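Structure first, commentary second.
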Amino acid sequence: MIRINEHYTKLKASYLFADIARRVNAFVASHPDKPIIRLGIGDVTEPLPPVCISALHAATDEMADRATFKGYGPEQGYAFLREAIAQHDFQALGAKIAADEVFVSDGSKCDVANIQEIFAHDLRLAIPDPVYPVYIDTNVMAGRTGASTDGRYSGIVYLDSNAANGYVPAPPAAAVDLIYLCFPNNPTGAVATRAQLEAWVAYAKQHGALILFDAAYEAYIRTPGIPRSIYEIEGARDVAIEFRSYSKLAGFTGLRCAYTVVPKNLKARDSSGNEHSVHALWNRRHTTKFNGVSYPVQKAAASVYTPEGRAQAHALTEFYLGNAKLIRDAMGKLNFPCIGGDNAPYIWINTGRDSWEFFDLLLNQAQVVCTPGAGFGKCGEGHVRISAFNSRANVETALARIAATLR
Ligand code: MLT
């Protein structure tokens, strides 16, 4: 009989959001008369910006005509999109990123999972806690960790994020090789200041480490001076890869488009000490295993950079931030300490109670789905995350039900 990758046996039985979906589905099946409001997984609810819809229609018409039909595109993405990204998302911030350093893909979840494939197996990892579970689970699958004891895998330096450090961990005392950072943060909604990111870049330079910077929620930053990209930090081109997505920026969770920036001067060593270009390795991996995002979807992504597209995407993030403010205010009125929601679509709530119990309470009594903090790591215990992604009416109803349940 074929043998399995035994590292999979170290994982929890199911992925966090699959686990939640199973519990919610069971509740719905046994209470068909009780409508559920989902503020759990961060999945957008509002339709795509009109500019994206027009771009999709126009690109579909091009595909219907022999003269403009497109077969396989460049695996790294069409030049029109890579150039718009480099110009608007980086050069406009003073960050020197070129179009050929951008790799367009069908999602940041896949990118943050796949990128570690080009690095050695015996790396020392630093991963925040609480954290987007994909960073940890994919490294477990790859065999970079030992077993899990008491909710933590051996072989990972956990970066505790808590009220004491404002949910932004400082670099560890120990030397590590690969560092995962996510700002604005999922799940806490915290943002990192320029000085905090400078400390991470300095640490990475000192230790020859690489930072994987997940900026999927960058479009929600409103506080002036908060960096939108790691490449706003001097020297970051030498030590960081950045991930961005159109999912939360322009409602693409169902359309699928994202990108990864791999600067050409980023270097890594082999076991003999020879230097290799990380850009070349990722390009090799990407062109071998990926055939590009569909032309209509890339046209829709590019439309986000037009003046109308920027205004419409901004209106979308403003709408969700409006929900976030309502959630944070309402939970604050119930005397729960909260963070997030001002520069991120997530509110991180200190419930002071077991997080799965609190999840069950909201599900059973208020028919509201949240995400239990423990699902994001040991430091998430005692917390829940509430997502701002839903209609205004549903958010208001959910908050009224939560208030009635908890008062
Ligand atoms: C989340 O809820 O944490 C995210 O939506 C999950 C994801 O983006 O994959």
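The values are calculated or read from the model by the stated rules, or taken from the named source; none is laboratory data. Please read all numbers here as calculations on a predicted model, not as lab measurements. Glycine gets a Cβ as well: all are built from the backbone with ideal geometry, and neighbour counts include every protein chain shown. Calculation scope for accessible area: heavy atoms of the full protein, side chains included, ligands and nucleic acids excluded. Shrake-Rupley method; radii C 1.70, N 1.55, O 1.52, S 1.80 Å.
Contact map, segment 165-177: residues that are closer than 12 Å to GLN206 by Cα paired with residues that are among the aromatic types (Phe, Trp, Tyr), Cβ distance under 7 Å, separation 6+ or inter-chain. Pairs shown: PRO171/TRP200; PRO171/TYR203.
Taking each residue of segment 334-347 that is closer than 19 Å to ALA403 by Cβ and looking for partners that are within 16 Å of the ligand (Cβ to nearest atom) and of a type in the set (Lys, Arg) with beta-carbon atoms closer than 8 Å, six or more apart or interchain, yields ILE347/ARG385. Residue pairs whose Cβ atoms lie under 7 Å apart, separated by 6 or more positions or on different chains, with the first residue in segment 11-33 and not assigned by TED's automatic domain parsing to the domain that holds GLY143 and the second among the small types (Gly, Ala, Ser), are LEU16/GLY375; ILE20/GLY40.
Taking the criterion of being under 24 Å from the mean Cα position of the chain (by Cα) and either open to solvent by 10 Å² or more (accessible area, probe 1.4 Å) or β-branched (Val, Ile, Thr) (or both), the residues of segment 352-376 that qualify are TRP356, VAL368, VAL369, THR371, ALA374, GLY375. Considering segment 129-147, the residues that are among the β-branched types (Val, Ile, Thr) and assigned to a helix (DSSP H, G or I) include one that is nearest to the ligand (Cβ to nearest atom), namely VAL134. I want to confirm something. Restricting to segment 244-278 and keeping residues that are in a strand (DSSP E or B) and open to solvent by less than 20 Å² (accessible area, probe 1.4 Å), which single residue is farthest from the ligand (Cβ to nearest atom)? By that ranking, first place goes to VAL261. In segment 217-236, the condition of being touching a Phe, Trp or Tyr at 6+ places or on another chain (Cβ under 7 Å), more than 16 Å from the ligand (Cβ to nearest atom) and of a type in the set (Ser, Thr, Tyr) is met by at least one residue.
The helices (runs of 4 or more DSSP H) found wholly in segment 1-95 and carrying at least 3 residues that are within 17 Å of GLN367 (Cα to Cα) occupy 16-30. Exactly one residue out of ALA58, ALA99, ALA29 is touching a Pro at 6+ places or on another chain (Cβ under 9 Å) and either closer than 23 Å to PHE290 by Cα or surrounded by fewer than 20 Cβ atoms within 10 Å (Cβ to Cβ) (or both), and it is ALA58.
If you filter segment 279-298 down to residues that are open to solvent by 50 Å² or more (accessible area, probe 1.4 Å) and of a type in the set (D, E, K, R), you find that the one that is nearest to LYS96 (Cα to Cα) is ARG284. Among residues of segment 109-128 that are in a loop (DSSP other than H, G, I, E, B), those with a beta-carbon under 7 Å from a residue that is of a type in the set (D, E, K, R) and modelled with pLDDT of 95 or more at least six positions away or on a different chain give the pairs HIS121/ARG144; LEU123/ARG144; LEU123/ASP177; ARG124/ASP177.
Inside segment 299-338, residues that are among the small types (Gly, Ala, Ser) and surrounded by fewer than 18 Cβ atoms within 10 Å (Cβ to Cβ) make up a count of 4. Taken over segment 77-96, the residue count meeting the criterion of being closer than 14 Å to THR260 by Cα and open to solvent by 60 Å² or more (accessible area, probe 1.4 Å) is 1.
Tell me, please, whether a residue that is over 25 Å from GLY42 (Cα atoms) and at pLDDT 95 or above can be found in segment 293-304. Spell out the reasoning first.
Just the residues of segment 293-304 that are over 25 Å from GLY42 (Cα atoms), to begin with: 295.
Keeping just the survivors that are at pLDDT 95 or above gives 295.
Looking for residues that are over 25 Å from GLY42 (Cα atoms) and at pLDDT 95 or above, one finds at least one in segment 293-304, hence yes.
Looking at (1) in contact (Cβ under 8 Å) with a residue 24 or more places away in the chain; (2) aliphatic (A, V, I, L, M); (3) surrounded by fewer than 22 Cβ atoms within 10 Å (Cβ to Cβ), which is the only condition ALA195 fails? Evaluating ALA195 over (1) in contact (Cβ under 8 Å) with a residue 24 or more places away in the chain; (2) aliphatic (A, V, I, L, M); (3) surrounded by fewer than 22 Cβ atoms within 10 Å (Cβ to Cβ) leaves (1) as the failure.
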